[in-house]
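What follows is a single structure, written as structure tokens, with notes after it.
Coordinate-derived values only; no laboratory data. Remember, it's a predicted structure, so these values are computed and weren't measured experimentally. Cβ placement follows ideal geometry from the backbone for every residue including glycine, while neighbour counts extend to all protein chains displayed.
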Amino acid sequence: MTTARIGYIAESKAVVSCYHHYDGYPQWLGRILASFYCSFGDVKALIDGGDMQCCFSNTDFEGCIVLDEFGAPSRIWTPLYYSERGSGEFGSMIHKDLDDFLGYCGFGRGVHLHKERLEFAYLYADEKWTCYDIFKDQVYQAPFDSSATDAAEHIIRKLDLYERIDGELKWQMSL
């Protein structure tokens, strides 16, 4: 579990953010964000959906791939929001500005400040992603390190089987 917080700067200069539970390191989450959430509209829709287990999943909360009646995955690489479970408050959070967002995440202190125990924070601003490493107090800019884990590379190769239709990734293989 590598936790992260993902945010964007709103017109008011406030930062709107949400929690991301799994694989928050730049070689996975950073690459997914930079590859598939690259417009303000996509980023806003992702984050406004609230806290999530993962921003790019084809499984349910038990890790099972859900298939439709034709044997194709019915959940196609979408965020797995905690609100889908129907319990608790899992909406996005508003920080008054960038300093407030980074302070909440613990950047510059090298410590976990909150129950989230964040390891990374991501911010979308000026049409690009920036990653803040909480423990190393380092900042990374997209594109992020391409030495991704085998799992991330496998997912990115599998995406060749999908296409973006009406803003969503859809299965394109004929059955």
Quiz prompt | Estimated vicinal HN-Hα couplings, Hz - region 27-41 in sequence order (Karplus 6.51, -1.76, 1.60; Gly, Pro = x) | solution = 5, 10, 4, x, 5, 5, 4, 5, 8, 10, 10, 10, 10, 4, x
Quiz item: Ranking S92, S83, S12 by Cβ neighbours within 10 Å, fewest first, what do you get?
Solution: S12, S83, S92
Quiz prompt | Per-residue HN-Hα couplings for region 126-142 [Karplus 6.51, -1.76, 1.60; θ = phi - 60°; Hz; x = Gly/Pro] | solution = 6, 6, 8, 9, 10, 10, 10, 7, 4, 7, 8, 6, 10, 10, 10, 10, 5
Quiz item: Among K44/K96; K96/K136; K13/K136, which pairs are too far apart, with a Cα-Cα distance over 20 Å?
Solution: K96/K136; K13/K136
Quiz item: What is the distance, in nm, between label points placed 7 Å from the Cα along the Cα-to-Cβ direction at L67 and at D97?
Solution: 5.5
Quiz prompt | Most to least packed among 46-54, 62-70 [average Cβ atoms within 10 Å] | solution = 46-54, 62-70
